[in-house]
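Down below is the structure, laid out as structure tokens.
The values are calculated or read from the model by the stated rules, or taken from the named source; none is laboratory data. From a predicted model like this one, the values you see are computed outputs, not experimental measurements. A quick note on method: Cβ atoms are made from the backbone with ideal geometry, for glycine too, and the neighbour counts reach across all protein chains shown. Areas reflect the complete protein model, heavy atoms only, side chains present, ligands, DNA and RNA absent. Shrake-Rupley method; radii C 1.70, N 1.55, O 1.52, S 1.80 Å.
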Amino acid sequence: MFEIDLYDGLVTCVKTGSEMNGSVVMWTYAYLIEDTLIDAGCPNASKEFQEFVANNPVRQVYVTHTHEDHLGCCAVLAPEAEIYATRLVADFLKNPQVLPDFFVMVWGQPEPVQEVLPMPQRFEIGDLSFEWLPLPGHTDHMIGFYEKERGWLFSADAVPLPSRKQLAMPDENVPEMITTMEKIQKLDLNILFDGHRGPVEDPSQYIQKRIDYLKDLQASIKELHNQGKDIPEIQENLGIEAPWYVDMTEGRFTVDHLIKSLLLDEVP
Ligand SMILES: [Zn+2]
């Protein structure tokens, strides 16, 4: 599925997602400013994205991280657009990993991109000047794009979409995610352009809610651990129930990872 929302006269929110029983499973946001795109949606929307760019040319794409819902349409945009990414993301774009069936259904399988250019430290779009910032935690390589004058941050998945995150991926470092959110708070933003929520205005409270929840959860996990409880017992004590689809992710999302990460991971 594919939807366009104009925002603030300058930014076009390009929403992509997969359809299930007539509604979208989850939207992911790419952002178009003039002829420059930040992230590139999910692969299942490739055809619709291609139709959109026929009338709205995209010349540059800047990619935040390797997840399929953020770089999925690069392959159909690449003939006309230059794709920019950091090295690890570039490697993935050229040689995307084969996803479990569940994620092929939810987002789609990315196709390889032939040519990827190195991410510049800064780039301009009209009067806007962007620099990239590291936003580690969700993945260790994720970056965001910051426009200082306007107080804008294109934050990809740095701020968890549910305010009460209950699952994590094996390569997520949740304590580092908290530290990254605290750094984002110091930027004093006017708008957070989130990868799944869309633009969040005056986002300080929105972000703080997620920091507070994860810090409280971490304190509870550590306390239960100190009482000698193991991971399943901690999960039971906290009343965290895995959602119905968790087994279908084939280990890519689990409650276990969340608890272990909050208990054991250090912020590098
Ligand atoms: Zn992601």
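State which entries of K183/K215; K15/K165; K186/K209; K165/K186; K222/K260 exceed 19 angstrom in Cα-Cα distance in the structure shown.
On the way: K183/K215 15 Å; K15/K165 22 Å; K186/K209 15 Å; K165/K186 22 Å; K222/K260 10 Å.
Pairs exceeding the cut-off: K15/K165; K165/K186.
So what's region 212-268 giving for Cα Rg divided by 2.2 N^0.38 Å, two decimals?
On the way: Rg = 11.8 Å, N = 57, 2.2 N^0.38 = 10.2 Å.
Compared with the compact-globule rule of thumb, region 212-268 sits at 1.15.
Under 10 Å, Cα contacts only: if you run a Gaussian network model on the chain, which one of S204, S23, S46 comes out with the highest mean-square fluctuation?
Ranking S204, S23, S46 by mean-square fluctuation puts S23 first.
Want the number for N226 to D101: 0.36 nm per residue separation, take away the alpha-carbon distance, what's left?
41.1 nm
Based on the inverse mean of 1/r over its pairs of different Cα atoms, what is the Kirkwood hydrodynamic radius of region 139-268, in Å? Walk me through the numbers on the way to the answer.
Working: mean 1/r = 0.0643 Å⁻¹.
Computed over Cα pairs of region 139-268, the Kirkwood hydrodynamic radius comes out at 15.6 Å.
Let me know the Rg and Dmax you get for the chain when you use only its Cα atoms, in Å.
Taking only Cα atoms of the chain, I get Rg and Dmax of 18.6, 61 Å.
Whole percent per 10 Å bin, from 0 to the bin with the longest distance: what is P(r) over all C-alpha pairs of region 37-130?
Bins of 10 Å from zero give 17, 51, 27, 4, 0 percent of pairs.
Mind listing the phi-derived Karplus ³J(HN,Hα) values for region 148-156, rounded to whole Hz, using 6.51, -1.76 and 1.60 with θ = phi - 60°, and x for any glycine or proline?
Going residue by residue, I get 5, 3, 8, x, 10, 10, 8, 9, 6 Hz, with x marking Gly and Pro.
Considering only protein heavy atoms, what per residue accessible area in square angstrom results for the chain with a 1.4 angstrom probe? All intermediate terms of the calculation are to be shown ahead of the outcome.
Details: 12850 Å² over 268 residues.
On a per-residue basis, 48 Å².
As a test, work out the antiparallel percent of DSSP beta bridges whose residues both lie in the chain, rounded to the nearest 5. It would help to have the intermediate numbers written out before the result.
On the way: 33 of 45 bridges.
Antiparallel bridges make up about 75 percent of those DSSP assigns within the chain.
Quick one: Karplus J couplings for region 18-28, per residue in order, coefficients 6.51, -1.76, 1.60, θ = phi - 60°, nearest Hz, x for Gly and Pro?
Karplus-based 3J(HN,Hα) across region 18-28 equals 9, 8, 9, 6, x, 10, 7, 5, 6, 7, 10 Hz.
How many percent of the accessible area of the chain is carbon or sulfur, using a 1.4 Å probe? Show your work: numbers first, answer last.
On the way: 6010 of 12850 Å².
C and S atoms contribute 47 percent here.
With Cβ to Cβ distances under 13 Å as the rule, what net charge do the other residues near S261 carry (K, R +1; D, E -1)? Don't jump to the answer; show the numbers that get you there.
Values: positive: K165, K222, K260; negative: D140, D171, E172, E176, D256, D265, E266.
That sum, taken over residues with Cβ under 13 Å, equals -4.
For region 126-202, what Kirkwood radius comes out of the mean inverse Cα-Cα distance, in Å?
Values: mean 1/r = 0.0784 Å⁻¹.
Here the Kirkwood hydrodynamic radius works out to 12.8 Å.
Evaluate Rg over Rh across region 1-65, taking Cα atoms for both radii and Kirkwood's formula for Rh.
Numbers: Rg = 11.5 Å, Rh = 12.0 Å.
So for region 1-65, dividing Rg by the Kirkwood Rh gives 0.96.
Quick one: 3J(HN,Hα) in Hz for region 58-64, Karplus 6.51/-1.76/1.60 with θ = phi - 60°, rounded, Gly and Pro as x.
Per-residue couplings from phi come out as 10, 9, 9, 10, 10, 10, 7 Hz.
Would you pull out the residues with amide H under 5 Å of C73's amide H, same chain only if 5 or more places away, H placed 1.01 Å from N?
Distant-sequence amide H within range of C73: A40, G41.
What's the local net charge at W107, with K and R +1, D and E -1, over the other residues with C-beta under 9 Å away?
Numbers: positive: none; negative: E68, D69.
Local net charge: -2.
Highest GNM mean-square fluctuation, the chain, Cα pairs closer than 10 Å: which of V89, V25, V113?
Among V89, V25, V113, the largest mean-square fluctuation in the Gaussian network model of the chain belongs to V25.
In terms of modelled amide H atoms, which long-range or inter-chain residues lie less than 5 Å from the amide H of G137?
Here M142, N173 satisfy the definition.
Please state the relative contact order of the chain as a whole percent: Cα pairs under 8 Å, 6+ residues apart? Show your work: numbers first, answer last.
Numbers: 522 pairs, mean separation 37.4, N = 268.
Worked out over the chain, it gives 14 percent.
Determine the sum of side-chain charges near H196: Lys and Arg each +1, Asp and Glu each -1, restricted to other residues whose C-beta is under 9 angstrom from that of H196.
Working: positive: R197; negative: D69, D157, D194.
Spelling it out: positives minus negatives among the neighbours equals -2.
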